[in-house]
Amino acid sequence: MELSSYIGKRLLAIIPLVIFATLLTFILIQLSPVDPAEAYFSASHIQPTEELLAEKRHELGLDQPLYVQYLHSLAQIARLDFGTSYLSNKPVWDEVTLRLPATLQLAFTSIILTIIVSIGLGYLSAVYSHSWVDYFSKALSFFGASIPQFWLGYLLIFFFAVQLDWLPVNGMGSWKHLVLPSLTLSLALIAVYSRLLRASILEQLQEVYVLYARTRGIHEKVIMLKHVMKIAISPVITGLGMNFGKLLTGTIIVEQVFSWPGIGRYFIEAIFNRDIPVVQCYVLLAACAFLLCNLIVDIVQMYMDPRISLKGRTDS
Amino acid sequence: MIRKKSTRFLPKIAVLLALLITVLGCANPKPAANDKAAPTQKPKEITVSWMRDLGPSNPHAYYPNQLFSQSMIYEPLVSYNEGGELKPYLAESWNISTDGKEYTFKLRKNIKFSDGSSFNAAIVKRNFDAILKNKSTHSWLGIAKVLEKTEIVDEQTIKLTLSEPYYPTLQDLATVRPFRFLGEAGFPEGDDTLKDLKAPIGTGPWMITEYKQDQYTVFTRNPNYWGEQPKVDKVTVKIIPDSETRVLAFEKGELDMIFGEGAISLDAYKQLQSTGKYGTALSDPVGTRNMLLNSSNEKLADQRVRLALQHGLNKQSIVDGITGGVEQKADSLLSNNYPYVDLKVNPVDYSTAKAMAYLDDAGWKLAPGQTIREKDGKKLELELVYDKTDPIQKVMGEAVQAAWGEIGVKLNIAGVELTTATKLLREGKFDVRFWFNSGVPYDPHTLINAVKEPSFGVAEAHSRIPMKQELDRKIQTVLASTNEVERKKLYTEILTTLHEQSVIVPISYIKQTVVYNKSLSNVTFPASRWDHPFNGIK
């Protein structure tokens, strides 16, 4: 099968999954006891009367039967129209695209930081297993995996911004603003992937091909970088690829702590205020991000490891 | 084949990622204003924070527009001052017809909007008409409900005609929204300002000169301002949603001031105060933190039970312990800094003996060996619903639970989202809950209106008190009264009845907090709860 046809099929498979995601979101929102009209007035510091609520519900189309509401939103989505925000009265897509670059910037920086540090630390702690580098990496991974992200954010702000005055506390603008939020996001990933790479390298070092290479007198660095790393890095790429989707949609806490103007913060407000069109759009984007990341990881894996065949993937 | 390609593929990915970051980084080239603001040097520029984006700053619309920024840009016809005194503002005088249905305002002369256009009767009418296009949306405010028409008498005079007399008209017109005035160039096509706005143009002392959504808004002085110019040239409002981050940014010097209710936790306020490094201040009471005992619940229909529950609360201890003295113990529904409120009621003091006596008298007996009182085989068990995002409500709920446990009342507490809590209140589906009055400048008329009008939850909570009909009649009368003496007398009667009935149990008076760098001076609170504090700061 041609690669382009494989990609096409995978992209087409996104459609039913996305429809399912929107349906699920719609059902979950309906299970909430609060209706969006009430949430709107609550956010506006207004005590609504029954008439006012009824008028708002009518304006938002919430007095229609549920299936009509859902089909209407689905038809809008099919036209790539995500509707109008209940709260701001602006097109949701405009609101999202305004904030998306900030989240992408943070996610990209974090993933690159994670890649660089995880590979470096994982490699060194495997090569110098049971040395101080390994112990440091181990301690860092315990710390990174166990500390809650918001708490880590506060600690980093306290030390690097307030005490040392090296970096700004919050906001967005220069590269300095990126450092602390990226670090906060990356640390948990570094904790996992540096140890995963270490384990993977150590496992590969037990393989026969390494022994052959050594007996052939190939230099240790060549064995490590050209042969072992190429295979050992495979699970790390898979994990990071999947995590990129998670980063795009999971920066909410970090955006809140660092006042980062991304979609995470916008989404949180939308949930609290039952801004259904925004929630639907976010879920749709998140689903697409996960599925696309999955696809990209698969393709990269195929390029990197020829043992992973296109045929096998298509059959499965 | 694929293997060969992979060696070229990786560097390409790296380059692509680097490019993407560069491009995305360039999308936001400007640093947030005043990141390095040195608060000790330049009091002429101050940087403050707010929890959410200020929105388009539309004077006639609600969320996401923020009240304090609307109050910086737009002004009312009359202003609300200490003790509820109403003074001329954009209107230099007014006349009220004897039947209380016509209000004629003489507008101040030589007032210009920030874009240089004139403020006159025509633009006032245009604003009123735009507001009345969405009358029902604004009908939560009494004046919007009764305002029938507006007429231009002459260039500087405008007349409002009401469908029925409504004495709080001036007080409602003094509120931040929606009755403030947008300049002509700010009107959208069709004048439906609730839906859209072209530009935030007002007559107020401030105007927006820079706005970056979700990041910051910069206000500078309006050069055309008719009144005394503010002492500072520029106010930068940084959007910082997290209260702990706000405190850290303040400690670092990135902020000069943190103000507003809930802007920082009371613990953080006390901690900053204890350092002695910063200026701190508490406002006069701006609202009351109450508990609402729903009389439509059979157990709470008995006044003796409600009084017992109030006697069972050691308010002083609760307020001191939980708010660290930032809030003030409340003995009556409203503090005495509201118009027409000069209550001399006997406080319902803390006395477990009185509480138990009331409960025994009401038939709720504590059997030997039992911890919960019973009557006719039913336990005296109630549920308190609180907003789980409010840390004070949770702790206070637990304190009340412990206090009532001592008099044999079991209180179950349940945290829900704010919107759910609001819905339950509106539907009257609760036993006990926290409730906050609107405060200055909306009370006392908004409070008594809530007692009368269904669908705010408060009327439902009062539904089983014996004099409800009489109370509703008095409320209707006072809102339409044209006689000051009669109005004051009626208010005293109504508020005394509410106090005695103990459906609303006042716990504490809420105050606004401000922490500021000591390089700033004359930091005071506005008389109105939702106004901004920047005009007087030096």
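Data table
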quantity: Criterion: in contact with a helix residue (DSSP H, G or I) (Cβ under 7 Å, 6 or more places away or on another chain), more than 13 Å from chain A (Cβ to nearest Cβ) and under 30 Å from residue B:375 (Cα atoms) - qualifying residue of B:292, B:266; calculated: B:292
quantity: Residue satisfying condition, being surrounded by 14 or more Cβ atoms within 10 Å (Cβ to Cβ) and either at pLDDT 90 or above or of a type in the set (Lys, Arg) (or both), within set B:343, B:418, B:425, B:411; calculated: B:411
quantity: Enumeration of residues in the range A:10-38 that are crowded, with 17+ Cβ neighbours inside 10 Å, under 22 Å from residue B:458 (Cα atoms) and modelled with pLDDT under 80; calculated: A:34, A:35, A:38
quantity: Residue that is surrounded by the most Cβ atoms within 10 Å (Cβ to Cβ) [pool: residues in the range A:120-172 that are within 14 Å of another protein chain (Cβ to nearest Cβ) and among the polar types (S, T, N, Q)]; calculated: A:170
quantity: Residues satisfying the stated conditions in the range A:125-149, i.e. free of Cβ contacts under 8 Å to residues at least 60 places away in the same chain and in contact with an Asp or Glu (Cβ under 7 Å, 6 or more places away or on another chain); calculated: A:128
quantity: Criterion: free of Cβ contacts under 8 Å to residues at least 40 places away in the same chain and away from chain A (no Cβ under 14 Å) - qualifying residue of B:522, B:535, B:517, B:483; calculated: B:483
quantity: Test: residue in the range B:140-154 that is of a type in the set (Asp, Glu), closer than 25 Å to residue B:483 by Cβ and not in a loop (DSSP other than H, G, I, E, B); calculated: yes
quantity: Of the criteria (1) within 27 Å of residue B:384 (Cβ to Cβ); (2) touching a strand residue (DSSP E or B) at 6+ places or on another chain (Cβ under 9 Å); (3) polar (S, T, N, Q), which one residue B:482 fails; calculated: (1)
quantity: Qualifying residue in the range A:68-90 (condition: in contact with a Lys or Arg (Cβ under 9 Å, 6 or more places away or on another chain), modelled with pLDDT under 85, within 14 Å of chain B (Cβ to nearest Cβ) and surrounded by fewer than 11 Cβ atoms within 10 Å (Cβ to Cβ)); calculated: no
quantity: From B:81, B:65, B:28, residue being within 10 Å of chain A (Cβ to nearest Cβ) and either under 25 Å from the mean Cα position of the chain (by Cα) or modelled with pLDDT of 50 or more (or both); calculated: B:65
quantity: Residues that are facing chain B (nearest Cβ under 8 Å) and either outside any loop (DSSP other than H, G, I, E, B) or more than 21 Å from residue B:426 (Cα to Cα) (or both), drawn from the range A:1-40; calculated: A:38, A:39, A:40
quantity: Test for residue B:197: is it part of a loop (DSSP other than H, G, I, E, B) and of a type in the set (A, V, I, L, M); calculated: yes
quantity: Residue among B:136, B:118, B:114, B:163 that is more than 26 Å from the chain's Cα centre (by Cα) and within 30 Å of residue B:491 (Cα to Cα); calculated: B:163
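Matching residues to (1) surrounded by fewer than 19 Cβ atoms within 10 Å (Cβ to Cβ); (2) away from every other protein chain (no Cβ under 12 Å); (3) without any contact (Cβ under 8 Å) to a residue 60 or more places away in the chain; (4) in a helix (DSSP H, G or I):
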{"site": "A:261", "(1), (2), (3), (4)": "no, no, no, no"}
{"site": "A:264", "(1), (2), (3), (4)": "no, no, no, yes"}
{"site": "A:268", "(1), (2), (3), (4)": "yes, no, yes, yes"}
{"site": "A:274", "(1), (2), (3), (4)": "no, no, no, no"}
{"site": "A:277", "(1), (2), (3), (4)": "no, yes, no, yes"}
{"site": "A:280", "(1), (2), (3), (4)": "no, yes, no, yes"}
{"site": "A:290", "(1), (2), (3), (4)": "no, yes, yes, yes"}
{"site": "A:293", "(1), (2), (3), (4)": "no, yes, yes, yes"}
{"site": "A:296", "(1), (2), (3), (4)": "yes, no, yes, yes"}
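The values are calculated or read from the model by the stated rules, or taken from the named source; none is laboratory data. Everything quoted here is computed from the prediction, not taken from an experiment. FYI the Cβ positions are ideal-geometry reconstructions off the backbone, even for glycines, and counts take in every protein chain you see.
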